[in-house]
Amino acid sequence: MKLWPTKIDSNEVEQNVWIALFVILIIYFISVVIALMQPGPTWKDLQVFTWMKSNAVYGLSFTKGYNISLQSAPIYTEVLFDEQHKVYVGMPPIFMIIGSVIYSFLGGHYITARLVHVLFDILMFYSVFIFALRLFKPEIIVYVLFFTISPMILIYATHQDANTAQIGLSVLCYLCFINFLESKNMKWLIATSILFFIGFWTTYLMFSILPGMLLQLWYTKKFDFLLKRKGILILILIGTLSILSIITYLSFLPNGLDWLVYRFQVRLSDNIMPSGNYKGEIDIFKYVIWQLIKLITYFSPICIVLSILGVICLTKDNKRTINDSKKVFENSNLLLQVLFVLFTWGIPFNLMINGAYNHSFSLYYFAPFFSFSSAIGLKYLTVEIKKDSLKKIVSAGILCFFILFSFSRSTLKISGGSLEHVLFYVSPEIPFAKNPNKNVNLNDKVISPDLWKKYTGE
């Protein structure tokens, strides 16, 4: 059975790779069950649930896919759908439409909203799996798969937000792009464009993967080919179509476009804006320190160390000739390009400092980078070990430690939040903001049954 429209066949995948995939999926689904059992409903559950319910109850012919809720619902927006409903324009419709389908089958419960992310996570595991098969030998594929289940992935296993859910679409989009770079087959460029369009209608942050891809296109000198084959027109057309389609979609709502522009201005501001009920100047130095704390919290110290080791060693490896006996990866240049794109992918989200302040999952887009770079780092760590038995013991020990760290972190919750919230509670105030509102994690606060019934009717 073909796993991908290239030479990737299921019969050619080694048994240890399948075992690794099975193990991580088991760990993931255990984390999902634990996450579903966390206190709730929360404010986030309320918001997302009402948007999904509106599509299911009213029908798409009425909602047109807009994220609508009652005027009285606690959602900060000035965009009105009609006299009774208002619209949240910060998220395109695809994520909520899929959620509406789940609502229709499973009925009214806040856990319904939490399940949508699981479908996208399965797509993410598939995307990373296929990408690893495309780039690595079996041993490294196993490493990649295990490092995929970082605390970040497990903690937000049921998070109701398209920004974290669409990671699989982005990885698939980039994989098609890699296939284009190597084959120069225009069908892969078209596939890249289509997946980008779908991803853009899932979350606006899909654009964040473009800078790295364009730089890779320039580095590999494929611009000339595209210009000659008029392939660049496909990229421009799809990119323009994506933006124009969203603009057209929102233009039918009073203040829809204005509010979206305002939200981006808020995100790009170096001050905490009233939109999140937080006011105060951001201390950039403390902000960076806080991001480093989050890196260790969400990806583990061993993952960070291995990633640094992987990048350094891969850079040195790339300078060696193909015939050099010390060369570990024959495709080291391509791997460096991939790591560069995956790393730059996470930067735009974190440049939106206000958004990073409001959202604890700002580092989520770095998950594929750490998965690949940690696996590469572990390979270099064990490459000098001559005995296969000792190499397996060292590798298994590191992977087991990482899994235990990751799983333990994913199960440590406070009021439906994550381990990072422990740090919020330990600190007297948010490290990088002056005069912050201490209820920074409002979305993760549990609401009363009466309030849930008031806004949902459930």
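Going down the table (K137/K184; K316/K392; K137/K319; K187/K379; K294/K327; K86/K294), which pairs top 31 Å between alpha carbons?
Cα-Cα > 31 Å for K187/K379; K294/K327; K86/K294; rest within.
When Y174, Y88 are ordered from fewest to most other Cβ atoms inside 10 Å of their Cβ, what list results?
Y88, Y174
Sort E182, E83, E139 so that the residue with the fewest other Cβ atoms within 10 Å of its own Cβ comes first and the one with the most comes last.
The most exposed by this proxy come first: E83, E182, E139.
Loop only per DSSP, at most 12 neighbouring Cβ atoms within 10 Å: give me the trypsin sites (Lys or Arg not before Pro) in segment 5-76, ordered by residue number.
The qualifying sites are K7.
Could you please rank D450, D82, placing first whichever residue has the fewest other Cβ atoms within 10 Å of its Cβ?
D450, D82
Rank by packing, highest mean first: peptides 103-116, 309-322, 154-167, with packing defined as the count of other Cβ atoms within 10 Å averaged across residues.
So the order, starting with the most tightly packed, is 154-167, 103-116, 309-322.
Read-outs throughout are calculated quantities, based only on the coordinates presented, and are distinct from any laboratory measurement. Everything numeric in this text was worked out from a predicted model, so none of it was measured. FYI the Cβ positions are ideal-geometry reconstructions off the backbone, even for glycines, and counts take in every protein chain you see.
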